[in-house]
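First the structure, in the form of structure tokens, and then the observations on it.
No lab work stands behind these numbers, since they all come straight from the coordinates. Everything numeric here is computed off the predicted structure, so don't read it as measured data. Cβ coordinates were reconstructed from backbone atoms using ideal geometry, including for glycine residues, and neighbour counts include every protein chain displayed.
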Amino acid sequence: ASSTIRCEATEASVYRETVETINLDWDNLGFGLVPTDYMYISKCSQDGIFTKGELLRYGPIELSPSSGVLNYGQGLFEGLKAYKKEDGSILLFRPHENALRMRMGAERMCMPSPAVEQFLNAVKLTVLANKRWVPPTGKGSLYIRPLLFGSGTVLGLAPAPEYTFLIFVSPVGNYFKHRALYVYLCMITSEEVSYGKEQTNRWKYAFQEGLAPINLVVENEFHRAAPGGTGGVKTIGNYASVSELVTSVEQVLKAQKRAKENGYSDVLYLDSIHKKYLEEVSSCNIFVVKNNIISTPEIKGTILPGITRKSIIDVARGQGYQVEERLVSVEELLDADEVFCTGTAVVVSPVGSITYLGRKVEYKNSGIGVVSQQVYSSLTSLQMGLTEDKMGWTMKL
Ligand code: COI
């Protein structure tokens, strides 16, 4: 059986192969890989020009043991989402931003990168080829993971002579799923009293995708990035080093067990110089609210310029909030009225508690404050096509 579809395949022919419905438990999606039908691959040699990509059946790829990515970590990734609207059409959220961020990161990592147009076409093609894996409206989204890595062989330290641009996708629900159920239950018990039908539906969407409070622990020993390093780009190495994957399996299990026992969802990093200013959580950016003023660490090379971060800043300003991008100290965090995290995967996650040097601060209403609810609701309504997109952020497929 043929295992590849060339890019020249028309949308209709790809569609024909993918209309068959799949049996997935859409109500219980978390953030784990669900393998889909196709992935996209394009390669680029020393001429810097990427081949016309092709769709292959999703599966293992061949990689030389001496590839640049395996030996020297020359690799980047991106993350974006596709949502199904109630009319069946599919919306991408700000894919141009991911294309531009990949180009910026590639420049830092000495890699050629696909042109914005190729990136966008590749994303569209991959999503359409996996159309049946986009969750129904309100049940989650299709997470799109573009990768760019040195697949050519090296031995001495040098940029790889060949690069691979690959995109795979997976249907996803809540990143911090275990907490979402709790929030949903709180909401449905109070919603009959306080909310109308439209708001009720929004809460149901919230349960599936994002508004789940998390408990963070401030990391006091390790740092995510240093000035002059690669903290500001989405290189793969930034993530292994902060997720404890670099330690032994035994330590990973131990750390996981300890974190679980203590109820932490993720780790918040401080700057490596003063050990005082907030940087980011290992999987998302952070916002602090005090007296209705929203503050978030400024972009200065050590934190990721999140696309959700940038969108939330605009959404909040549009709602009349003052938003400051600046140094935010750990003391301000502990003294905040409300704290929330943003990211493609986590969407908006209110912070229920922060633990710093053994002291635990719990925020009001399990952390689900007015600001996080408002920005969550505005952002996700836009992403799901429930409200008019005046910003031109969504791209309809
Ligand atoms: C995303 O939010 O898309 C990310 O890349 C973060 C990752 C740790 C899941």
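My understanding is that a pair violates if its Cα-Cα distance is over 32 Å; which of Lys234/Lys276; Lys275/Lys396; Lys81/Lys300; Lys84/Lys360; Lys52/Lys85; Lys43/Lys84 do that in this structure? Distance filter (> 32 Å) returns Lys275/Lys396; Lys84/Lys360. Once label points are set 7 Å from the Cα along Cα→Cβ at both Lys390 and Ala226, what is their separation, rounded to one decimal in nm? Once both label points are built, they end up 4.7 nm from each other.
Using only Cα atoms, locate the centre of segment 258-310 and the centre of segment 19-45, then give the distance between them in Å, rounded to an integer. Measuring centre to centre over Cα atoms gives 30 Å. Let me check I've understood the local charge: for Met102, count other residues with C-beta under 14 angstrom from its C-beta, Lys and Arg +1, Asp and Glu -1. What total comes out? Local net charge: +2. Sorting Ser42, Ser141, Ser272 by the number of Cβ atoms found within 10 Å of their own Cβ, with the fewest placed first, yields Ser272, Ser42, Ser141.
A straight line joining the Cα centroids of segment 70-114 and segment 315-372 runs 26 Å. Using the Cβ-Cβ distance between Ile273 and Tyr321 with R0 set to 45 Å, the FRET efficiency works out to roughly 0.95. Quick check: pseudo-label points 7 Å beyond the Cα along Cα→Cβ at Asp25 and Glu107, how many nm apart are they? With each label point 7 Å from Cα toward Cβ, the separation is 4.7 nm.
Label positions at Ser241 and Ile61, each projected 7 Å from the Cα along the C-beta direction, are separated by 2.3 nm. Residues Leu327, Leu92, Leu128, arranged from fewest to most other Cβ atoms within 10 angstrom of their Cβ, appear as Leu327, Leu128, Leu92. With the cut-off at under 18 Å, measuring from each backbone N in segment 97-121 to a point 7 Å along the Cα-to-Cβ line of Ile49 picks out 112-119. Rounded if a/c is under 1.5, else prolate if a/b beats b/c, else oblate: with a ≥ b ≥ c from the C-alpha gyration tensor eigenvalues square-rooted, which is segment 269-332? Verdict is oblate for segment 269-332.
Length gained on full extension, Ser381 to Val116, computed as 0.36 nm times the residue gap minus the Cα-Cα distance: 92.8 nm.
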